[in-house]
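Worksheet for the structure shown next.
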Amino acid sequence: MNPVALPLNYNLVQLLELRACVFLHCCSSSLHFTKLICLFVCLFCSGVKDGKFTVLQLVEALGSSLTSSQPHTRARGVLLLSEVLQECYRDLTEREVEVLIAFYENRLKDHYVVTPPVLKGLKELTKCTNLPPGSAVSMLRSVFQDIHVQVRLSYCCTFKGLGADFVFGFVQSMDGERDPRNLLLAFQIAKNLIHRGYELGKFTEELFEVTSCYFPIDFSPPPNDPHGITREELVQALRAVLTGTPNFAEFLLPLLIEKLDSDVQSAKLDSLQTLAACVSQYEHKHVAEFLQGLWTAVRREVFQTSSERIESAGLAALTALTSCLSRSVLSSDSEDSLSTFLDFILTDCKHHLCEPDLKLVWPSAKLLQAACSASTSASHIITAAVMPSLLEQYNNRAQVIETADVHMFNWFNIGLFKYGFSVDEVVLTCRSLQRIAEQVQDTEEAGRCFHNIIIPHLLSLALQAALQGEKGSVKGLTSFILRHQNSFNLNLLSITYELTDFHPLSPEATTASRAVSLFLDGDVSFLPDNSFPSHMQLLKQEGDSWSLSRLVCLLMGSVCSLPRSVEVPQIDKLLSALEEMSCTCSHPLSYTSAAKCFAGLVNKKPQGDSLDSCACPQVSKALLLRYHPLFTTLTDKLFSLLDDAGLGPMAAADGFSLLMSDSTDVLNRACHADVRIMYRQRFFSENKAKLVQGFNAAPQEKKPNYLKALSNIVNKLPKQVQVTELPALLSLLLEALSGPDQDIHLTTLSCLEPVLVNPPQVLIQQLEALVNRLLALLCSPAMSVRIASLSCISALSYFPVLPFRARVLRALAKPLDDKKRLVRREAVQARAQWFLLGSPGGR
Amino acid sequence: MSEGTRLENANPVIFQRSGDRVQTASEEDEDVHDPIDDREIFDLIRSINDPEHPLSLEELNVVEQVRVKVNDAESTVGIEFTPTIPHCSMATLIGLSIKVKLLRSLPDRFKIDVCITPGTHASEEAVNKQLADKERVAAALENASLLEVVNQCLSTRSI
């Protein structure tokens, strides 16, 4: 645009100058400045675009304002120019651009109020497509050198279009920089470079070099620093650069490994934190070749650390690294980096777990746990490798398991629970938890650990399994959980710290109330996994599906082992729901558990409340144990059942067995049940007359029921009682021995045996009958009966039985040839004893 | 019987007792027939006491399991026992104890053959002949003092 060539009606330049003067005046007063400047900008822009004058001429015309002594005036001048450039940059020639750049760069050295417009102008200039070579670099250089920090940042992101040249320029300009303000900005720019997808190209390594030479940051701010830059800011800024792209991985990882070797704590910490940050962006191919080195370094830090910060940074780094490896998609060619890495870890850490006296147990466990918590696949691999030896170790240890071990074990379990499970794993876990629960030290911490973490997890697992409702594997899983969780729940609840002043918020009360609200109201809020439907009816059976109702076992475990002083919430509602369930539900496990649960609660219920209930054996037992007056009515009912044709043999007789035997699940002392002393003896002595009478009065076919009941009762009596009571019942027992029922034979024989050690007189009188019976039993089809009979005969040899010797020896010849070795062994012993009877050198 | 308190073999070598037989699942199964085997016979005789020492025949290595041969199907059992010294005068007594124990412990159908391990005793032929003769054995057991000694050998000591 050569102004000379244009026809001019008036001297445009003069006009320009006039306008510029006006502008100058306007600049001096700040009134209405912004409106005026827009007007001027339009004027000048249209002028340039129309070719009436060039920008350079404009610059000249503005000379007076641009060289004014007032900074503000100069600023406005530059601002006007920059605004014009904003509109007209496309129309500039290369020569013009060159001049303008030089001008602007020069203006950078000016007063700080001038700087923003200058930068704006520079920004517009960079949009020019015909920038001379090297101008970007010189621009940057002057930007870096001459401008205050904060101002720079907002303008520098515009240089993107320059690509690799810019990167090169940037690298060059940054080299050797020392001022923290500049560095901060440089890091930020570099970060932007990386993040906004600049093509780093062949300058990747240079960019890395120039930034990484500052790592790790070693900076102490001078006192009274007006700029207030902290070390932490620099660290974070540099870290953002170094971790910004996977392209740096091959340089960064060796650098980190090297720096981890340093003695300076802050360097180590920085390296670990940077490592954790960088691998979150990387894939396995970036880290694969460095795995061994990284692991060695991290392990060293955790094993030998004296600082907790470094240890936790190391663990975090390990977790991040493991996550990174787990994330990778594996092609068929690539090596399984995750398992390689975990192999390193397991090789170094696993054996330490089994040496509980060395101090490396804890660090090893922490490392394993850190790796475990990274992902599902990692936790599966590690848990599968570690669990068996851990469990074996716990089994073999004679001493009590410390609380600390519970935590260690718990970590692995949490990993399992969080990341899903297979049947075998959960089975294994439950068993081990049970063992731990049995042996753990009785501390508050352990109790809390169990109640707040493990139990909700297990409950939700069981619920999940039940809700899935498939038969087969789920059934196995559920029933296993229920069977063992029951006992483990009971164990741990009874183990839990007993407070003398029972606090209503103690862990076991909390679990109980949570369980009650879960079962009665379907309240699932305390369970960790929130994907359960609300308001589930767990105490009702729905049609044929009993998968949910089975869970009443868990309720039993939660509420039935509380000390008597604890009040079970909503107990009446619970009792009636349980009663209904036990009477109406058709699934054996469900109704039995409901009955047991009911019984457990009833046993502890304070005196005086109405306890009308169905006469099932469990409830009777509950009442028997505490000797509730209502018990006698129930007992009479049971006795009357003995006469019943259908229920007599099975239910009634077994019922008596249940009454007398030790209950392993609910109604025992470990669950704080109300068990009065000598309840069995009391029961027996109060009821034996009735029993004998009933037997004598019963018709022949009902007699076996009475015998069965009798033998079940007597069998469970303490030995001393048996001995004293036996004479009264001897005829009954002899009768029992001659009946057809093998079970009765067995129970009667086992009662008899201890008595034969010190026989009462009445037995001596009945010897012949006894011998006859015993010899007859030698032909019993049941092996155990034959063996029991033989041992009784053996014991009899100490009595005055000489008259029977010949007969017995003859009779004992047959069992010598018995088809079972165990029987033969017993027969040999018995016969040898009898041979010695009355023989010289014998007895 | 030796005169006085002088023992013939004052310092015998003692062997270790083998542990109890391990019970297998099939032994507890009602329907499975357990045949009589060598170990079972050995268990019968190994705890027999030695007349002189407070030790069992097993501990003195007088009886060994390898020298027990039983055949349940053919109802035969053969025992070779090894006296501790070649001129042991207790040999006959020991042999008799073994024989009596087996007579008392095995079904009638069994033919019991007890003899001295060949080459271990000076008068093994004579002893074997005596032990094989049923009438001589029966006559020996009529002798009260002999029976007493045999019974003492056969009494089980508490371990």
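The values are calculated or read from the model by the stated rules, or taken from the named source; none is laboratory data. Please read all numbers here as calculations on a predicted model, not as lab measurements. Positions of Cβ are generated from backbone atoms using ideal geometry, with glycine treated the same way; all protein chains shown enter the neighbour counts.
Here are the numbers for this structure:
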{"read-out": "Failed item in (1) free of Cβ contacts under 8 Å to residues at least 24 places away in the same chain; (2) over 22 Å from A:Ala288 (Cα atoms), with A:Glu258 passing the rest", "value": "(2)"}
{"read-out": "Selection count where residues are of a type in the set (A, V, I, L, M), in a helix (DSSP H, G or I) and more than 10 Å from chain A (Cβ to nearest Cβ), scope segment B:142-159", "value": "0"}
{"read-out": "Segment B:24-58, residues that are among the β-branched types (Val, Ile, Thr) and either modelled with pLDDT of 90 or more or out of contact with any helix residue (DSSP H, G or I) (no Cβ under 8 Å at 6 or more places or on another chain) (or both)", "value": "B:Thr24, B:Ile36, B:Ile41, B:Ile45, B:Ile48"}
{"read-out": "Which listed residue is over 27 Å from the mean Cα position of the chain (by Cα) and either assigned to a helix (DSSP H, G or I) or under 18 Å from A:Leu338 (Cβ atoms) (or both), from A:Gln273, A:Gln292", "value": "A:Gln292"}
{"read-out": "Any hit, segment A:755-765, residues being among the polar types (S, T, N, Q) and touching a helix residue (DSSP H, G or I) at 6+ places or on another chain (Cβ under 6 Å)", "value": "no"}
{"read-out": "Elements of type helices (runs of 4 or more DSSP H) contained in segment B:1-109, each with 1 or more residues being in contact with a Lys or Arg (Cβ under 8 Å, 6 or more places away or on another chain) and either on the phi > 0 side of the Ramachandran plot or touching a residue at least 40 places away in the same chain (Cβ under 8 Å) (or both)", "value": "B:38-46, B:91-105"}
{"read-out": "Residue satisfying all of: in segment A:236-251; touching a helix residue (DSSP H, G or I) at 6+ places or on another chain (Cβ under 6 Å) and within 20 Å of A:Phe219 (Cβ to Cβ); surrounded by the fewest Cβ atoms within 10 Å (Cβ to Cβ) among these", "value": "A:Ala240"}
{"read-out": "Some residue of segment A:75-89 being buried (at least 20 other Cβ atoms within 10 Å of the Cβ), within 16 Å of A:Glu124 (Cβ to Cβ) and among the basic types (Lys, Arg)", "value": "no"}
{"read-out": "Any chance A:Pro740 is exposed (fewer than 15 other Cβ atoms within 10 Å of the Cβ) and within 21 Å of A:Lys702 (Cα to Cα)", "value": "yes"}
{"read-out": "Residue within segment B:80-94 that is exposed (fewer than 15 other Cβ atoms within 10 Å of the Cβ), more than 11 Å from chain A (Cβ to nearest Cβ) and over 17 Å from the mean Cα position of the chain (by Cα) present", "value": "yes"}
{"read-out": "Residue among B:Val100, B:Val137, B:Val77, B:Val62 that alone is more than 14 Å from every other protein chain (Cβ to nearest Cβ), surrounded by 14 or more Cβ atoms within 10 Å (Cβ to Cβ), within 13 Å of the chain's Cα centre (by Cα) and of a type in the set (Val, Ile, Thr)", "value": "B:Val62"}
{"read-out": "Residue list for segment A:764-784, filter: more than 14 Å from chain B (Cβ to nearest Cβ), assigned to a helix (DSSP H, G or I) and either surrounded by fewer than 20 Cβ atoms within 10 Å (Cβ to Cβ) or touching a Ser or Thr at 6+ places or on another chain (Cβ under 7 Å) (or both)", "value": "A:Ile764, A:Gln765, A:Leu767, A:Glu768, A:Ala769, A:Asn772, A:Arg773, A:Leu774, A:Leu775, A:Ala776, A:Leu777"}
{"read-out": "Candidate set: segment A:327-349, residues that are assigned to a helix (DSSP H, G or I) and modelled with pLDDT under 80; chosen: the one farthest from A:Pro363 (Cα to Cα)", "value": "A:Arg327"}
{"read-out": "Test: residue in segment A:38-56 that is among the hydroxyl-bearing types (Ser, Thr, Tyr) and surrounded by fewer than 18 Cβ atoms within 10 Å (Cβ to Cβ)", "value": "yes"}
{"read-out": "Residue list for segment A:785-842, filter: surrounded by fewer than 20 Cβ atoms within 10 Å (Cβ to Cβ) and acidic (Asp, Glu)", "value": "A:Asp817"}
{"read-out": "Segment A:813-843, subset at the interface with chain B (Cβ under 7 Å from one of its Cβ atoms) and part of a loop (DSSP other than H, G, I, E, B), residue nearest to B:Asp29 (Cα to Cα)", "value": "A:Lys820"}
{"read-out": "Single condition A:Pro759 does not satisfy, out of (1) touching a Phe, Trp or Tyr at 6+ places or on another chain (Cβ under 8 Å); (2) in a helix (DSSP H, G or I)", "value": "(2)"}
{"read-out": "Filter pass, A:Pro800 being assigned to a loop (DSSP other than H, G, I, E, B) and either in contact with a Lys or Arg (Cβ under 7 Å, 6 or more places away or on another chain) or facing chain B (nearest Cβ under 9 Å) (or both)", "value": "no"}
{"read-out": "Residue list for segment B:103-126, filter: out of contact with any Pro (no Cβ under 9 Å at 6 or more places or on another chain), more than 10 Å from chain A (Cβ to nearest Cβ) and surrounded by 18 or more Cβ atoms within 10 Å (Cβ to Cβ)", "value": "B:Ile112, B:Val114, B:Cys115"}
{"read-out": "Of residues in segment B:16-40 being touching a strand residue (DSSP E or B) at 6+ places or on another chain (Cβ under 7 Å) and within 11 Å of chain A (Cβ to nearest Cβ), the one surrounded by the fewest Cβ atoms within 10 Å (Cβ to Cβ)", "value": "B:Asp37"}
